[in-house]
């Protein structure tokens with residue numbers, strides 16, 4: 001996979017406050033989730049990648065170049081910031097047409113219309129942005145980021161304030177962009193929604209990179225945290241005894257006919273469980289991993 005964004009040994013501080021500390025990472029095409037608690041340095045990282053801030057130390061390269069040294073590359077990048085500082089006196093169409101003019105697009109009216117269609121704001125194109133709902137404001141921000149058809153998109157909390165229907169639309173747009181081979185970095189506090197958009201994650205905490213890569217692979221690598229699996233069965237006590245006897249689990253809780261088992265070796269457990277069921281005839285109706293989602297990975301790593 002080619003690298004489109006490269007961050008090497010980057011640090012950024014504001015007075016005595018260190019926002020990003022010796023951060024190195026590489027990002028390629030597809031959707032990557034940028035995660036971290038409030039104050040972790042996510043927005044600072046976005047702004048350095050976008051060329052809006054200069055690192056105190058280290059280098060940031062987009063498509064192999066520094067944006068600030070190669071301003072023509074700004075046309076290959078779209079940025080949707082978390083802040084909502086928009087021109088409220090403009091209509092949605094006027095705002096997008098202005099952005100198209102600033103990008104020097106050959107057909108600004110057509111580009112603005114396409115962007116409105118993409119985020120389903122055509123009916124509201126003549127409405128003042130000041131009268132837009134929070135979800136509509138998010139969509140017009142995304143529209144301006146998509147307006148010039150960029151290769152790279154930085155989306156800082158793009159789902160914030162959107163209602164459930166709008167969130168589904170935005171998630172579908174973001175996923176489609178990744179499938180088209182664009183490089184998309186998206187941050188969100190709603191982790192199950194990030195999980196729907198991206199498998200690759202970057203987790204930063206206190207300005208440092210804590211983990212990167214496929215979040216399920218990251219979960220597999222967290223050896224000091226046993227996996228918790230729920231098993232639905234009518235023979236809970238017998239199954240618990242057999243799983244313990246065969247050393248497939250390290251702990252077990254029985255509640256209302258269900259087992260919650262702790263597993264140190266997931267591969268051993270998931271290979272051994274079907275054999276045990278076939279040999280004993282015990283009926284297992286449900287097998288549910290309780291902590292293999294992105295939210296659990298996030299919680300483990302930050303704690």
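In Å, what Rg and Dmax follow from the Cα atoms of region 62-151?
13.3, 41
For a test of the definition: using alpha carbon positions, the gyration tensor, and the 1.5 limit on a/c, classify region 84-197 as rounded, prolate or oblate.
oblate
Would you mind estimating how fast region 168-233 diffuses translationally, via Stokes-Einstein at 25 °C and 0.890 mPa s with the Kirkwood radius over Cα pairs, in µm²/s?
175
Based on alpha-carbon centroids, what's the gap between region 40-96 and region 124-167 in Å, whole number please?
Distance between centres, Cα-based: 16 Å.
Out of the DSSP beta bridges found with both residues in the chain, what percent are antiparallel (nearest 5)?
Here the antiparallel bridges make up roughly 65 percent for the chain.
Assuming R0 = 35 Å, can you tell me the calculated FRET efficiency for the pair residue 133 and residue 110, based on Cβ-Cβ distance, to the nearest 0.05?
0.85
Which translational diffusion coefficient, to the nearest whole µm²/s, is obtained for region 65-109 from the Stokes-Einstein equation, given a Kirkwood hydrodynamic radius over C-alpha pairs, 37 °C and 0.692 mPa s?
Answer from the Stokes-Einstein relation: 267 µm²/s.
For region 223-302, what Kirkwood radius comes out of the mean inverse Cα-Cα distance, in Å?
Every distinct Cα pair counted, the radius reaches 12.9 Å.
Using a simple spin-label model with points 7 Å from Cα along the Cα→Cβ vector, what separation in nm is obtained for residue 288 and residue 56?
Placing both labels 7 Å beyond Cα along the Cβ direction yields 4.8 nm.
Starting at 0 and stepping by 10 Å, how many percent of the alpha carbon pairs of region 1-155 end up in each bin?
Final binned percentages: 10, 36, 32, 19, 3.
Which value at 222 nm does the chain reach when only helices count, each DSSP H run of 4 or more adding -39,500 (n - 2.57), with the total divided by all residues and rounded to the nearest 500 deg cm²/dmol?
Value at 222 nm, helices only: -10500 deg cm²/dmol.
Taking Cα atoms, how many degrees apart are the long axis of helix 236-245 and the longest axis of the chain, rounded to 10 and kept between 0 and 90?
90
Treat each spin label as a single point 7 Å out from the Cα along the C-beta direction, and report the residue 89 to residue 117 distance in nm.
The two pseudo-label positions are separated by 3.2 nm.
Placing one identical point scatterer on every Cα of the chain and ignoring solvent, what is log10 I(q)/I(0) from the Debye formula at q = 0.14, 0.16 Å⁻¹?
Log10 I(q)/I(0), no solvent term: -1.02, -1.21.
Rank-order 106-114, 9-17 by packing density, defined as the average count of other C-beta atoms within 10 Å over each peptide's residues, highest first.
106-114, 9-17
Rounded to the nearest 0.05, what FRET efficiency do residue 279 and residue 225 have when you use their Cβ-Cβ distance and R0 = 30 Å?
My answer for the efficiency is 0.50.
Considering just Cα atoms, how many Å³ per residue does the convex hull of region 144-186 enclose?
Looking at region 144-186, the number lands at 66 Å³ per residue.
Can you give me the Rg/Rh ratio for region 1-69, using Cα atoms for both radii and the Kirkwood formula for Rh?
The Rg/Rh ratio comes out at 0.95.
Please compute the length gained on full extension between residue 258 and residue 26, using 0.36 nm multiplied by the number of residues separating them and subtracting their Cα-Cα distance.
Extra length available between residue 258 and residue 26 comes to 79.2 nm.
With r as the distance between the Cβ atoms of residue 11 and residue 214 and R0 = 25 Å, compute the FRET efficiency 1/(1 + (r/R0)^6) and round to 0.05.
The pair residue 214/residue 11 has a calculated efficiency of 0.40.
Given a cut-off of under 8 Å on Cα pairs at least six residues apart, what relative contact order in percent is computed for region 1-147?
Answer for region 1-147 is 20 percent.
Read-outs: derived from the displayed coordinates by stated rules, not from any lab. These numbers come from a predicted model, not from an experiment. Glycine gets a Cβ as well: all are built from the backbone with ideal geometry, and neighbour counts include every protein chain shown.
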